[in-house]
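Inspection log for the structure reproduced underneath, given as C-alpha cells.
The values are calculated or read from the model by the stated rules, or taken from the named source; none is laboratory data. Note that the structure is a prediction, hence the values are computed from the model and not measured. Here the Cβ positions follow ideal geometry from the backbone for every residue, glycine too, while neighbour counts run over all protein chains shown.
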Amino acid sequence: MANLPLPKHGKYFDLNVPSDEAVSTVSKRLTMLVYLGYEIVALTKFLPTTTSSKGKKKLIIPDPPSKVQLEETAEKILKDKGAELLQYTRITIELAELDDVRKVREVLNAGVYDLVAVLPRTEKLFHSCCTEYNIDIICIDGSEPLPYIPRHNAIKSAITRGLFFEVCYAPMIRNNTVRRHTISNVQKFAEFSKGKNHIMSGAAQIPMEVRGPYDVANINTLFCVAKNIVTHTVSKNCRAAVVHGFSRKTAKCAIYVQKKDIVTEDREIVKGKENNMKKLFDNNQNSPPLKKKKVE
Amino acid sequence: MVRLKHRYIALEVVMSKAFLKRNMKPKVITGAIRMHLNNLYGELGSASIYPNLSVRYLNAHTNTIILRVRRRFAEILLTVLPFVTATESTEFKNTDHKIFFRTLYVSGTIRSAQKFLIRNKTLTQSGCRANILALVSVGELFLHPSPKL
C-alpha cells in the first residue's frame, strides 16, 4: 500500500485548474496555488456539447494535458517545504442531449484521463449519472438555476457508489448572479447529502482568483454544511475522488501491477520505472542460468 | 460582570500591483470588507458587523493584518473574506488592481495571534526563504492581463 501512486493524507487539493490555454498561463496559476499551500492539482480539459448537425461527426477527444513545468518561485517554495506538486489529468464532459453519452463511453474506453467529471443539464441525464455511469465527479453549475430537481434517491445512490459533487468557487468571486445561483443550487443538494461527498474546487482563470484552502472551506458554511465537515471538502473528499479515479486502472479494485523500487549492491535506489532486472544482474557471471536446460 | 468577547483574525493581503502598498490603511481595508458584506449579507449583515470590526495591527512591509470582530460574528466574517477582491476608492475601480485576503489564524486573544505571526514568518510572501520575492516587488510576479469576460 505504501508505494501506490496515490496522494498522502492531510494535503490540500484543487481539482479544477483549467488547462485549455497556453502553458505559461497555467504555470502562473500553479505558482499561486503552490504559494497558498495546495499540493495536489488536477489539470482539466472541457468538452462542451455539440449541437447535433447533419450526420454523425467523428468524436475527437482532446489529448490529456501534459505535466506543466513549474516556475522558479514555486519550485523554491516546494523545496523549502520538502513537498511535491502532484498533477493529475481530468476531463469535464457537458451532457445536454442523449448523444453526449457516447462521449463518456469513449473517454472511459480510452482510459487516458485520471479523473472523469460530468456536467448534466437534464433530469434524466442526472439520474443516469448518479446510478449508471462509471465516472468520478458530478459538477454543480452556477451559470443558471438548476434545470432539474435533484431527487433524494439519486443523491443517495451516488454517495454509496462513491461519486462526488463539485462546486467551483472562482465563478462566484467574479460574478454576483453566479454567486446567487450556486448558493441556491448547492443548498438543494446539501439538503439530501448534508455536505457529504462535496468537493470545492476553483476554476480560476487568473491567479488572483485563487483562494487559500481555509478560506475555500469557509465558503461551505454559506451552503448550510456543518462546520466540522467543512475542511473535508478540500482535503479528505478530494483524495477519495482521486482514489476512485485510480480504481478504474486496477482489476476490480483488488489487483494493481507496478514495477518495484530496487536497492542495488551500491546502496542506490533504482526507481520502478527504470527498473530492469536483467541489466542490474548481468555483471554477476556466477549466477545460475534463468532457464533450466533439458536433460537428455 | 459582562465581558465582551472577541475573535482576532490574522490575515495576509496578497496584492497584484506594487504601488497599492501606500494605500494599506485601516480605513481602506474595513471599507473593502464593508462593501462585500453589503453584497453578500445585505443591510442586516453590514450594519451589525461593520461597527464591531476594527484593524488592530497592520504591517505594510509583511502585508499582515490582525482584525478584531465580536465573537458572534466571527464565522460570518470568515465566509465573507474570500469574496473581497478590490477596494472601494475610485483609483481601484479598474479590474487590474486586485487584492485578496488569506486567513492565517483565528484566535481569542491578540497575543496568540501575534505569537503565530512571529512563529510562522515563512508563510507570508516577505518571509519566504525563497528570497526572490523580497528582491522583486511583490506585485510583478502576479501581473496578468485582465480576463476577457
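What residue, of A:Y148, A:Y169, A:Y214, is away from every other protein chain (no Cβ under 14 Å) and aromatic (F, W, Y)?
Step by step, each of A:Y148, A:Y169, A:Y214 is checked, and only A:Y148 is away from every other protein chain (no Cβ under 14 Å) and aromatic (F, W, Y).
Return the total of residues in region A:179-200 being away from chain B (no Cβ under 11 Å) and in contact with a helix residue (DSSP H, G or I) (Cβ under 8 Å, 6 or more places away or on another chain). Break it down stepwise before answering.
The initial filter retains those residues of region A:179-200 that are away from chain B (no Cβ under 11 Å), namely A:181-182, A:184-199.
Filter once more, keeping what is in contact with a helix residue (DSSP H, G or I) (Cβ under 8 Å, 6 or more places away or on another chain): A:182, A:186-187, A:189-190, A:192-193, A:195-199.
Qualifying residue count for the region: 12.
Looking at A:I206, A:I219, A:I269, A:I255, which is the one that is crowded, with 20+ Cβ neighbours inside 10 Å, modelled with pLDDT under 90 and either basic (K, R) or out of contact with any Ser or Thr (no Cβ under 6 Å at 6 or more places or on another chain) (or both)? Give the derivation first.
Working: A:I219 fails: modelled with pLDDT under 90; A:I269 fails: crowded, with 20+ Cβ neighbours inside 10 Å; A:I255 fails: crowded, with 20+ Cβ neighbours inside 10 Å.
Among A:I206, A:I219, A:I269, A:I255, only A:I206 is crowded, with 20+ Cβ neighbours inside 10 Å, modelled with pLDDT under 90 and either basic (K, R) or out of contact with any Ser or Thr (no Cβ under 6 Å at 6 or more places or on another chain) (or both).
Could you please let me know if B:S54 is touching a Ser or Thr at 6+ places or on another chain (Cβ under 9 Å), at pLDDT 90 or above, surrounded by fewer than 18 Cβ atoms within 10 Å (Cβ to Cβ) and more than 14 Å from chain A (Cβ to nearest Cβ)?
Details: touching a Ser or Thr at 6+ places or on another chain (Cβ under 9 Å): yes; at pLDDT 90 or above: yes; surrounded by fewer than 18 Cβ atoms within 10 Å (Cβ to Cβ): yes; more than 14 Å from chain A (Cβ to nearest Cβ): yes.
In short, yes.
Scan region A:83-93 and give yes if some residue there is over 19 Å from A:D14 (Cβ atoms) and surrounded by fewer than 21 Cβ atoms within 10 Å (Cβ to Cβ), otherwise no.
Step one: list which residues in region A:83-93 are over 19 Å from A:D14 (Cβ atoms), which gives A:93.
Then keep just the ones that are surrounded by fewer than 21 Cβ atoms within 10 Å (Cβ to Cβ); that gives none.
The answer is no, given that none of the residues of region A:83-93 is over 19 Å from A:D14 (Cβ atoms) and surrounded by fewer than 21 Cβ atoms within 10 Å (Cβ to Cβ).
Quick one: how many residues across region A:30-49 are closer than 22 Å to A:N237 by Cβ and within 14 Å of chain B (Cβ to nearest Cβ)?
6
What pairs can you find where one residue is in region B:1-29 and on the phi < 0 side of the Ramachandran plot and outside any strand (DSSP E or B), the other is surrounded by fewer than 21 Cβ atoms within 10 Å (Cβ to Cβ) and at pLDDT 70 or above, and their Cβ atoms are less than 7 Å apart, with a gap of 6+ or different chains?
As it stands, the answer is B:K5/B:R71; B:K21/B:A60; B:M24/B:L58; B:M24/B:A60; B:P26/B:V55; B:P26/B:L58; B:I29/B:V55, since those pairs meet every condition given.
With the structure loaded, tell me whether A:N153 is surrounded by fewer than 21 Cβ atoms within 10 Å (Cβ to Cβ) and without any contact (Cβ under 8 Å) to a residue 40 or more places away in the chain or whether it fails that test.
Here the answer is yes, as A:N153 does meet what is asked.
Can you pull out every residue in region A:75-127 that is assigned to a helix (DSSP H, G or I), under 22 Å from A:S157 (Cα atoms) and of a type in the set (V, I, T)?
Listed by number, the residues that qualify are A:V101, A:V104.
For A:Q205, only one of the following conditions fails: (1) at negative phi; (2) more than 14 Å from every other protein chain (Cβ to nearest Cβ); (3) in a loop (DSSP other than H, G, I, E, B). What is its number?
Result: A:Q205 passes all but (2).
Would a scan of region A:89-97 turn up a residue that is among the acidic types (D, E) and in contact with an Asp or Glu (Cβ under 8 Å, 6 or more places away or on another chain)?
yes
Looking at region A:236-245, is at least one residue farther than 30 Å from A:K28 by Cα and either in a loop (DSSP other than H, G, I, E, B) or more than 14 Å from chain B (Cβ to nearest Cβ) (or both)?
Checking region A:236-245: not a single residue is farther than 30 Å from A:K28 by Cα and either in a loop (DSSP other than H, G, I, E, B) or more than 14 Å from chain B (Cβ to nearest Cβ) (or both).
Name the residue, out of B:V28, B:V14, that is away from every other protein chain (no Cβ under 13 Å), within 22 Å of A:I173 (Cβ to Cβ) and at pLDDT 80 or above.
Selected residue: B:V28, the only one of B:V28, B:V14 that is away from every other protein chain (no Cβ under 13 Å), within 22 Å of A:I173 (Cβ to Cβ) and at pLDDT 80 or above.
Can you go through A:E144, A:E132 and tell me which one is within 23 Å of A:I91 (Cα to Cα) and either touching a helix residue (DSSP H, G or I) at 6+ places or on another chain (Cβ under 7 Å) or touching a residue at least 40 places away in the same chain (Cβ under 8 Å) (or both)?
Unique residue meeting the criteria: A:E144.
Matching residues to (1) farther than 17 Å from B:Y105 by Cβ; (2) assigned to a helix (DSSP H, G or I); (3) within 14 Å of chain A (Cβ to nearest Cβ):
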site: B:H36; (1), (2), (3): yes, yes, yes
site: B:L44; (1), (2), (3): yes, yes, no
site: B:A47; (1), (2), (3): yes, yes, no
site: B:H61; (1), (2), (3): yes, no, no
site: B:L78; (1), (2), (3): no, yes, yes
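Do we find a residue being at pLDDT below 90, closer than 26 Å to B:R119 by Cα and over 10 Å from the mean Cα position of the chain (by Cα) anywhere in region B:35-49?
Checking region B:35-49: not a single residue is at pLDDT below 90, closer than 26 Å to B:R119 by Cα and over 10 Å from the mean Cα position of the chain (by Cα).
Which of the residues belonging to region A:38-72 are part of a loop (DSSP other than H, G, I, E, B) and modelled with pLDDT of 90 or more?
A:Y38, A:E39
What tally of residues in region A:217-235 results from selecting those that are within 14 Å of chain B (Cβ to nearest Cβ) and touching a residue at least 12 places away in the same chain (Cβ under 8 Å)?
First pass over region A:217-235, keeping only residues within 14 Å of chain B (Cβ to nearest Cβ): A:217-228, A:230-231, A:233-234.
Subsequent filtering for residues that are touching a residue at least 12 places away in the same chain (Cβ under 8 Å) retains A:217-220, A:222-226, A:230-231, A:233-234.
The total comes to 13.
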